[in-house]
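For reference, the structure discussed in these notes is given below.
The values are calculated or read from the model by the stated rules, or taken from the named source; none is laboratory data. Computed from a predicted structure; not experimentally measured. Heads up, the Cβs are rebuilt from the backbone with ideal geometry, glycines too, and the neighbour counts pull from every protein chain shown. All accessible areas refer to the heavy atoms of the entire protein, side chains included, with ligands and DNA or RNA removed. Shrake-Rupley method; radii C 1.70, N 1.55, O 1.52, S 1.80 Å.
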Amino acid sequence: MTSIAARWLMLPVLFAALFLHGCGSLPVAPQAEPVPTPQPRPEALGTTAPTKEAAAPAIEPSQQRITVAAVGDIMLGSDFPDDALPPHDGKEMLTAAAPLLRSADIALGNLEGVLLDGGKPFKQCQNNGRCYVFRSPSRYAQLLAESGFDVLSLANNHARDFGEAGRSASMTHLDAVGIRHSGRVGDVASWSVAGRRVAFIAFAPYDGSHDLREIAQMKRLVAQLASDHDIVIVSFHGGSEGSDAVNVPFASEYYHGEDRGDVAHFARAAVEAGADLVIGHGPHVPRGIELYQERLIAYSLGNFATYQGVNVAGRTGLAPLVTVTLDGEGRFISGDIHSFRQQRPGGPQPDPSVAAARLMAQVTASNFADSPLKIDEGGTLLRIDGALAVGKPGSTGKIPPARVE
């Protein structure tokens, strides 16, 4: 009996031992991973968001595609010397073009005048009826941002209408809405698009700006940017002015005795130095487009949205918006000319007659007959296989000019 009782007394000890042994063999529940600290949105920092598929093979630069939308002169309205602002405070000036601007990876243009509230002009007007001094309210910077502009040129003959203080104000107000800029000496925009480093630099033949007439200096600046950027975009404001200024003369141009530069020499030298896209404006009319060493040069995109103070009759009212697709190294892939026409009191509106594209096609064919780029009747930019590539080794790159009357 004693032996049986002892065995009964030992059972709880055995069960306890078995229980503890069994618990030691059970899997341990995994601990929850710590919640990551929220980071600022990359677009707010001006950077590109890191991809989640970091382990996936990188896309070859030649297979990447970056889209650019470019326009010419922009001046949404001036309140100097008299109030000449558009209806509804300019909110409808860019409505028609905004979808194209917003859909591009990069949207750019040339901002005429200054974004400034008050202040005294640097230029003096002898006749208020013919006073070409432009001052837009600072709040118009928001209109430009909402329409899709990413970067603007501040290198032109109106960027200093209120002195360098006026240009500084424009820079400050553009910065506040996230629009980059270039124009003043030393002011160069640099940012990332689709993982590629992009630089934008603007030139003009005016004091305080990167000077398009100083070719050697321009080439040094562009080459330096090309050394640490994947794509370099050059903007220039140069050439003569007026409805008959549609032809590129392949020589220095003058307007009222002012040297406005040799734009063909400038643009081709910029490409040779490392520029991937060259966009011109200044003549107030569209000019031709050239494909040079696989890079696109648009010699003038004319006026785009210039409310009052600028003639928009005939050719000067044509407002082309050019969209271009580049590969990750800046080579031209495809493009289109979207024809708009300025209609006051509104802004640029789509033109069913595609007059801007037709004019640019005609000028391109006559001024750049040997270029491998052609423009069809709808405004599509076509690269013609087998055409003579201008600027290739052994070529002078000089194309005898023809004229469009």
What is the percent carbon and sulfur in the accessible area of the range 156-269, measuring with a 1.4 Å probe over the protein chains and ignoring ligands?
47 percent
Whole percent per 10 Å bin, from 0 to the bin with the longest distance: what is P(r) over all C-alpha pairs of the range 176-239?
22, 53, 23, 3
Amide H of L296: which non-local residues (sequence gap of 5 or more, or other chain) have their own amide H closer than 5 Å, using H built in the peptide plane?
V278, F332
Y307 accessible area, 1.4 Å probe, all protein chains in place, Å² to nearest 10:
20 Å²
What does the extension gain come out to for E92 and E272, with contour length at 0.36 nm per residue minus their alpha carbon separation?
60.8 nm
Dimensions in Å of the range 110-237 - Rg and Dmax from alpha carbons
15.2, 51
By the mean-Cβ-within-10 Å protection proxy, highest first, 80-88, 200-208, 341-349 rank as 200-208, 341-349, 80-88
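If R₀ is 25 angstrom, what is the calculated FRET efficiency for the pair R139 and D105, using the beta carbon separation as r and rounding to 0.05?
Values: r = 27 Å, r/R0 = 1.06.
E between R139 and D105, to the nearest 0.05, is 0.40.
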Where R180, R65, R220 fall by accessible area, highest first, once all protein chains stay in place (1.4 Å)
R220, R65, R180
Using a 1.4 Å probe on the protein heavy atoms only, what accessible surface does D336 show? Give it in Å² to the nearest 10.
50 Å²
proj_area_mean for the range 301-382 (convex hull on C-alpha atoms), units nm², value 6.1 nm²
Need one number: the % of Cα-Cα pairs in the range 158-311 sitting beyond the 26 Å mark.
25 percent
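Taking a 1.4 Å probe, which of H265, H158 shows the most accessible area, and what order do the others take after it? Spell out each step's value before the answer.
Working: H265 100, H158 20 Å².
My answer, sorted largest first, is H265, H158.
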Hull volume per residue for the range 282-337, using the convex hull of the C-alpha atoms, in Å³ is 83 Å³
Using a Debye calculation, one point per C-alpha and no hydration shell, please list log10 I(q)/I(0) for the range 264-311 at q = 0.20, 0.29, 0.32 Å⁻¹ in order.
-0.64, -1.03, -1.17
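May I ask you to rank D117, D262 by accessible area, largest first, using a 1.4 Å probe over the protein chains only?
Values: D117 95, D262 40 Å².
Correct descending sequence by accessible area is D117, D262.
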Long-range HN-HN contacts of R180 with modeled amide H, under 5 Å:
V151, L152
PRE zone check, label point 7 Å out along Cα-to-Cβ of S227, amide N under 16 Å, scope the range 269-298, hits 273-275
Which aspartates and glutamates, on any chain, are close to K123 with Cα under 13 Å apart, when same-chain ones fewer than 8 places away are left out?
D161, E164
Inter-site label distance for T172 and E146 at 7 Å from Cα along Cβ, in nm
2.3 nm
Subtract the Cα-Cα distance of N311 and I215 from 0.36 nm times their separation in residues, and report this length gain in nm to one decimal.
31.4 nm
Measuring from centroid to centroid over Cα atoms, what is the spacing of the range 169-218 and the range 88-103 in Å?
23 Å
Quick calc, the range 146-221, dipole around Cα centre from Cβ unit charges on Lys, Arg (+) and Asp, Glu (-), nearest 20 debye, gives 360 debye
Starting from the amide H of G195, placed 1.01 Å from N in the peptide plane, find each other amide H under 5 Å away whose residue is 5 or more places distant or on another chain.
none
Provide the gained length on full extension for the span S353 to A58, in nm with one decimal, where the gain is 0.36 nm per separating residue minus the Cα-Cα distance.
101.9 nm
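For a test of the definition: using alpha carbon positions, the gyration tensor, and the 1.5 limit on a/c, classify the range 234-339 as rounded, prolate or oblate.
Numbers: a/c = 2.46, a/b = 1.33, b/c = 1.85.
In terms of gyration-tensor shape, oblate.
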